[in-house]
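A short write-up of the structure that comes next.
Laboratory data are not the source of any read-out in this text; all were calculated from the coordinates shown. In this text the structure is predicted, and so the values were computed from the model without any measurement. Cβ atoms come from the backbone with ideal geometry, glycine included; neighbour counts cover every protein chain shown.
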Amino acid sequence: MAGERDERDAEHGLISGEEKVVVGGTQHGSGRRLGKSIHPVFYIAAWIFLSNTTILFNGWLIGNRGFKYPATLTCWHLIFATFATQVLARTTSLLDERKTVKMTGKVYVRAIVPIGLLYSASLVCSNMVYLYLSVAFIQMLKSASPVIVLLTAWAWRVEKPSLKRFINVTVIVFGVGLASAGEINFSFIGFLFQLGGTTAEAMRLIMIQILLSDEGQKMDPLVSLYYFAPVCALMNIFIAGAAEAPTFDFADIAKVGYGLLLLNAAVAFLLNVSSIFLIGKTSGLVMTLTGIFKSILLVLLSVLIWNTSISALQFIGYGIAMAGLTYYSLGWEQIVALTNGFTSWLMTVFGSHGAETTLC
């Protein structure tokens, strides 16, 4: 039962936006084979650090360094990912599972191309939104990602509608609505970009589940990136050319710095790699819990770094959305078990501390 729940959590897109890598089927392989002696806490900390660093890095380049070309930035990330996966495939064993994938022309056109286009749209929208909304508010809106994925799954009849889940979804939507209403610098265009990116990501996840499963394909995240990145990069070249070429100034690249842009792409790629190791070493459930904590931490970092103003209504709405998301991700029994376990741990720690104090 636990394994089934972990797979369902991963398929439902509980990892949102930029920080979610391409997932296509059962998680196994590369990450599970490597680094067996390293404690899981290391993988959790690495993923939190790289995920938040990528988001803050992108927001800083677009909002503060004047690189107002989100489509071009996304294109650069995908070109780097294409090159990096090709190098890894030829120099390491991380992508050996690609040899077991039955990649035919039919599968590529039917599955890889449309899924790659949706992934591309998701990434572009995720970067475009930084032009209009604060990092903190973007994270609040991302709380609704599982809602969009679930509704999309119902629409495609991948899952059967459930009244219990519908009520849970309604609570999350209500919380996100309050956060939106309380946003001081609200932008409707930015909101639409975030909604578009989330919807594209939801459709991509469902198509992966339907198309790749129908074809009997099982790919870990890095192998999926190996196939999707070239399609996404090509698509983004056209998008960036149509949307940003007329206003693009090469002087802005020099102004930002070639080294900084290279570092940005490398961090974004390392995020994908860290996700593989985290999933392989732990589970989708652990990644869900980590994602909830990471989102809260990112909001706090945004407030500290950019002095983002958060209204009381926005804070309450975000709290409701996060509570609903936690319940959706874990279920009541799991929440109670984790709470009891944490309470027991605290009692053990403070009990031991008290005993040491008495002996002294």
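Using a Förster distance of 41 angstrom, determine the FRET efficiency expected from the C-beta separation of F174 and T91, and round it to 0.05.
Numbers: r = 50 Å, r/R0 = 1.22.
Calculated value: 0.25.
Return the distance in nm (one decimal) between the two label points of a simple spin-label model at S311 and F49, each offset 7 Å from Cα along Cα→Cβ.
Those two pseudo-labels are separated by 3.8 nm.
Between F250 and L163, with labels modelled 7 Å along Cα→Cβ, what's the label distance in nm to one decimal, could you check?
For the pair F250/L163, the computed spacing is 6.5 nm.
Set the Förster radius R0 to 56 Å, insert the Cβ-Cβ distance between F238 and I335 as r into 1/(1 + (r/R0)^6), and round the FRET efficiency to 0.05.
Working: r = 46 Å, r/R0 = 0.82.
The value I calculate is 0.75.
Over the Cα atoms of the stretch 127-277, Rg to Rh with Kirkwood Rh, two decimal places?
Details: Rg = 18.5 Å, Rh = 18.4 Å.
On the Cα set of the stretch 127-277, Rg over Rh gives 1.01.
How much length is gained on full extension from I189 to H39, taking 0.36 nm per residue of separation minus their Cα-Cα distance?
Between I189 and H39, full extension yields an extra 49.7 nm.
Each label point is 7 Å from the Cα along the Cα-to-Cβ direction; what then is the distance between the points at N64 and V303, in nm?
About 1.8 nm separates the two model spin labels.
Which order do the peptides 41-51, 125-135 come out in when sorted by mean C-beta neighbours inside 10 angstrom, highest first? Don't skip to the end; give the middle numbers.
Numbers: 41-51: 18.8, 125-135: 23.1.
My ranking of the peptides, most packed first, is 125-135, 41-51.
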